[in-house]
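Heads up, the thing below is written out as structure tokens.
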Amino acid sequence: MASLSVPHLLGTQDLTLNDFELIFETADNFKEIINRPIKKVPSLRDITIANVFFENSTRTRISFELAEKRLSADTINFSSSQSSVKKGETLLDTVNNILAMKVDMIVMRHASPGAPHFLSKHIDAKIVNAGDGTHEHPTQALLDAFSIRLKHKSFKGLKVAIIGDILHSRVALSNIFALNKLGAEVMVCGPNTLLPRYIKSLGVQVELDVFKALQWCDVANVLRIQLERQQIKYFPSLREYSIYYGINKRMLDRLDKKITSCIRDPSIAAWS
């Protein structure tokens, strides 16, 4: 049976092309399963998974828990706000206490970049990174890439624009790593203050005009503003940001071609 080249899913930067293809092929099979009347399969029977979230989350935590239950895994949900972390317990202490319950896998979200990588060096359980600070969010990038693949079949030469708060977005970084490996051309677009200084070293193009970015691309992935991670103001107001970088139907109608778009709003994320 085929398996990934890495023991943990810490980021898309670590995955090979064969890994991506294996994940996409597996997702194709499960896409058929979730459209059946009975959606549950025994793929993870007798596997215990702990969802360990040190950051608040609704969609990501529920998505993982639902997937685990549909695959017949036993699940434990951990929230740092209701744990001994509040008393000063360390990350390693917390996870080791969970592992004492014979847990096989940890799904972890943490505010500190590199937290899952640190943990992977100290425990035996498999780790899935559900987002670490402003670093990576590999499962979201894999979902984005899978959605693009459903629309376009091939990534070779495909032009993808990632628009919005690139500086604070872990989704953007994971998408850049994934799309580059898959053979797509990537452009980032946003105000200079929301673009990392090192961004060009990742092999992407930079555009400050959102309409030019939309004219260039085949696929637009539009990110929300990560206000909860911003310690200072990076633009005068949300209204001004919306005027210059907001995307609406009128703007899309001005394009001389049809593009695939994803608007990643806090309440909705859908490809069209």
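Summary of values
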read-out	value
Burial ordering of ARG170, ARG254, fewest other beta-carbon atoms within 10 Å first	ARG254, ARG170
By average C-beta atoms within 10 angstrom, highest first, the peptides 188-200, 130-142	130-142, 188-200
Principal-axis tilt of helix 138-152 within the chain, Cα atoms, nearest 10 degrees	50 degrees
DSSP bridge pairs, the chain: antiparallel proportion in percent, nearest 5	10 percent
Environment charge at LEU44 (Cβ cut-off 10 Å; Lys +1, Arg +1, Asp -1, Glu -1)	-1
Cβ-based exposure ranking for ASP165, ASP46, in which fewest neighbours within 10 Å come first	ASP46, ASP165
Using alpha-carbon coordinates, inclination of helix 59-70 to the longest axis of the chain, degrees	50 degrees
Length-normalised contact order for the range 37-139 - Cα pairs under 8 Å, 6+ apart - percent	28 percent
Between helix 170-182 and the chain: long-axis angle, C-alpha atoms, 0 to 90°, nearest 10	80 degrees
Charge tally in the Cβ shell below 11 Å around CYS217, where Lys, Arg are +1 and Asp, Glu are -1, CYS217 excluded	0
Fewest-first ranking of GLU65, GLU240, GLU55, using other Cβ atoms within 10 Å as the exposure measure	GLU240, GLU65, GLU55
The range 140-271: relative contact order as a whole-number percent, Cα under 8 Å and 6+ apart	27 percent
Those lysines that a straight Cα-Cα span of less than 20 Å connects to LYS159, excepting residues fewer than 8 apart in one chain	LYS151, LYS181, LYS200, LYS212, LYS257, LYS258
Relative contact order for the chain, counting Cα pairs under 8 Å that sit 6 or more residues apart, in percent	15 percent
Residue among LEU195, HIS8, ASN77 farthest towards the positive dipole end of the chain, charges placed on Cβ	LEU195
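Read-outs throughout are calculated quantities, based only on the coordinates presented, and are distinct from any laboratory measurement. From a predicted model like this one, the values you see are computed outputs, not experimental measurements. Here Cβ is always computed from backbone atoms with ideal geometry, including for glycine, and neighbour counts include all displayed protein chains.
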